[in-house]
Structure formats: C-alpha cells, structure tokens
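FYI, it's all coordinate maths here, none of it is from the lab. Not measured: the values here are computed from a predicted model. For neighbour counting, all protein chains shown are included, and Cβ atoms are generated from backbone atoms with ideal geometry for every residue, glycine included.
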Amino acid sequence: MRPSNKLKNLKPSLPDIQDTQPASNIAEISLFGPGVGECIVIHMGAGQWFIIDSCLCPKTNEPIALSYLRSIGVDYANKVIGILISHWHSDHIRGASKLLKHCTHAKLYCSSALFSKEALTLTSLYKANRFTDCDKNTEEFSSIVNFLHGTNDPRRLEFIKARHTVKDIRQENHVPVRLIALSPSNMAVTQSIVNLVKLQPKEKSQRTRAVVPQSENLNAVAIHFTFGQLSVILGSDLENHDNENTGWKAVFNDGMIADLSLSKAHVFKVSHHGGQSGNHDRIWCDLLHDKPLAITTTFSRSHLPCDDDIERLKKQSKALLITRDPTKNKKIKHDKMVERELRSIAKERITVNTKNMGHIQIRATEQGKLTVGMNEHAVRY
Ligand SMILES: [Zn+2]
C-alpha cells in the first residue's frame with residue numbers, strides 16, 4: 001500500500017541533535033536512515049561505543065557511523081568495541097567492511113545463521129570470480145570475510161544467536177550495562193545452513209547470485225540493551241513466521257525473557273521498518289512498557305512504513321519518530337522519455353531518494369531520563 005497525504009498530523013519536530021560527546025555516565029542510541037538504509041550507534045557508557053548495521057553518509061559516501069562519531073570527537077579506532085551486522089541485506093550492510101577496518105579495536109558480531117562452513121565455501125567461490133555481477137550484499141560480505149582472513153585474528157569475530165550475551169556488567173559501583181541477542185533461534189540457524197548448502201552452484205558455468213537466503217529476516221539479530229534503568233529493544237528486521245521456532249515467535253516460546261530477567265523496555269526500534277510482518281503483539285506486552293517511545297527507519301523501495309503501519313504504531317507508542325518522512329517516498333510520474341533516461345541511470349535514481357540522512361538521537365541517564373533530538377529530515381508523529 002502506498003503512503004498517502006492523509007497523514008497530516010505530524011507533530012512539531014524535536015530539539016536538534018547534540019553535537020558533542022555524551023558524558024561517560026550518559027547512554028546514547030542514535031538511529032540513522034537515509035530512506036533505504038539503517039545504522040544504530042550506541043554509547044554504552046564509560047566512553048565505549050557499539051555499532052549495529054551500516055549505511056553510507058550521502059554526502060561523504062563513508063559509513064555514517066564514522067562520520068557521526070568523528071563529528072562529535074570520538075576516537076572510533078579505540079572506542080568502538082563492537083560492530084554487529086544484524087543480517088545481510090543491503091540496507092543494513094553498506095560500508096560495513098570499512099567500519100571494521102577503521103574501528104581497529106572492534107569485534108565483529110554477526111548472526112550464526114550465516115557464518116558457517118558453507119558460507120566460507122561461498123567466499124572461496126568469490127575468489128574464483130564466480131560472483132561476477134554479484135549483488136552488493138555479496139560484495140560487502142566477501143570483502144568483510146577477506147579482511148578477517150587477512151587479519152589472522154580469530155578474536156575479531158563472534159557468532160551470535162538467541163541468548164548470546166555481548167556485554168554484561170553488573171557489579172557494585174557500576175551502572176549495569178547488558179547487551180543480549182534475542183535472535184536468531186536455533187531453528188533459524190539450522191534452516192539457514194540448509195539454504196546455504198542449496199545455494200552452491202552445481203556447474204562451473206552457473207553463477208551464484210545471492211548469499212542471503214530468502215528467509216534472512218528470520219535470522220536477523222534483535223537486541224535487548226540495558227543501561228541502568230533504561231532498557232531498549234532494537235528489533236532489527238526480525239519478522240514473524242508461521243513456524244513457532246523462528247522469528248519473533250521463537251523469542252516468546254523460548255522463555256529467555258524470564259530466564260535472563262530481561263526488563264521491559266522504554267524505547268523500541270521497531271522491527272522491519274515498521275512493517276506489519278515485523279509486528280507481534282507480545283513484543284508490546286512482554287518486552288515493552290506501556291506506550292514506549294517508538295523509532296524506526298523507512299524502506300522507501302517497499303513503501304515502509306505504510307499509512308496503516310504508522311496508524312498502528314502511533315496507537316501503541318507514546319511517540320513515533322521516523323528517520324525520514326515516509327509520505328515523501330511516492331514515485332514521481334515522469335513522461336516516457338524521462339522514464340527511459342532514468343532507467344538507464346538507475347543507480348543515480350536511488351541516490352536521489354536517499355540524499356538526506358535522517359538522524360534520531362536519544363540520550364539517557366542511568367535513571368532512565370531521556371533527552372531526544374532529531375535532525376530536519378526525521379519526522380515525529
Ligand atoms: Zn531492512
């Protein structure tokens with residue numbers, strides 16, 4: 001469903017983005033989205049930073065996380081401790097290999113669902129030029145794996161699945177900080193390996209065009225982050241599925257919320273760009289406080305979030321902030337000549353839609369008091 005102009009009830013925008021580093025006792029969640037693309041930059045306190053996914057700054061063409069951290073004076077080479085690739089879709093990985101090269105003290109975390117023996121086999125096929133004309137996902141994936149091979153440092157890579165603890169500080173005289181993966185489930189990991197094996201080309205002449213299985217959103221890593229009394233759910237693109245043991249259903253069937261004493265969150269980075277397929281009622285009951293602050297990015301190629309998604313999210317949340325105005329994603333009608341010309345420069349056409357980077361910045365004290373800012377490209381409902 002295409003967005004229409006019926007959504008006129010935008011609220012005034014929030015204060016500007018703070019352009020200095022947060023104090024060491026202040027957490028930050030910055031969400032970036034250029035229209036198609038998503039990146040989350042997190043300050044975990046004590047000068048430690050964590051990045052989830054990557055997209056490019058339209059102005060400099062470098063990963064937005066690097067541009068932003070540099071702009072507020074963070075020494076990202078030493079202060080970024082981890083980079084998580086939630087799943088291998090192109091709107092979440094652009095520039096990830098560059099991030100990894102520049103953040104020299106960061107460990108790379110990714111879904112166990114892809115980094116299997118089978119995936120490495122695919123990379124060796126890449127070396128043999130079997131991926132000519134491959135898509136961007138494959139290119140970025142390959143350059144990351146090649147870089148990791150080159151560093152010869154096995155500690156820089158960690159595989160994640162549900163219940164995996166990336167960070168857990170719960171000691172006296174320290175603000176509690178936890179970062180835990182809610183997904184992918186064991187079943188999603190197993191299924192992805194089966195799919196990867198099927199992707200291997202049988203004949204020498206055959207090309208493998210995609211590393212990412214269709215069900216990749218069921219393998220996405222959703223995160224539960226806690227800083228003091230603040231908790232945040234970062235839903236990635238995790239979707240729902242008929243299968244009780246994959247996607248969001250697996251999160252609730254697994255019992256991890258009680259087992260790991262995961263506290264209800266005040267902020268929700270809504271899954272899958274606000275789309276219905278990423279929604280599950282139990283997210284709102286079991287993982288979130290009543291009326292949390294909801295934030296998300298658009299996926300303008302699929303018109304996400306659509307009008308109905310926005311209406312639903314507005315009802316469920318205290319406020320809904322989106323990195324770009326989804327109603328501005330409408331395709332402009334051109335005459336046939338212009339349309340033909342545009343098709344011939346299809347690449348540039350994408351950059352036309354994504355030339356502005358929306359930014360939502362949330363800072364929080366350990367008592368959970370929020371300060372929220374956004375730039376002129378983001379919208380508030
Ligand atoms: Zn996405």
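Details
- A simple rule links phi to the HN-Hα coupling: the Karplus curve 6.51 cos²θ - 1.76 cosθ + 1.60 with θ = phi - 60°, which for the stretch 364-379 gives 9, 7, 5, 7, x, 7, 9, 10, 10, x, 8, 8, 5, 8, 7, 10 Hz, with x for Gly and Pro.
- The stretch 220-236 versus the stretch 141-164: alpha-carbon centroid distance in Å: 22
- Residue ranges 289-302, 250-263, 12-25 sort as 289-302, 250-263, 12-25 when ordered by packing (mean number of other C-beta atoms within 10 Å per residue, highest first).
- Violating pairs (Cα-Cα greater than 23 angstrom) within the set LYS161/LYS315; LYS11/LYS314; LYS101/LYS355: LYS161/LYS315; LYS101/LYS355
- The stretch 147-192 - percent relative contact order, Cα under 8 Å, separation 6 or more: 33
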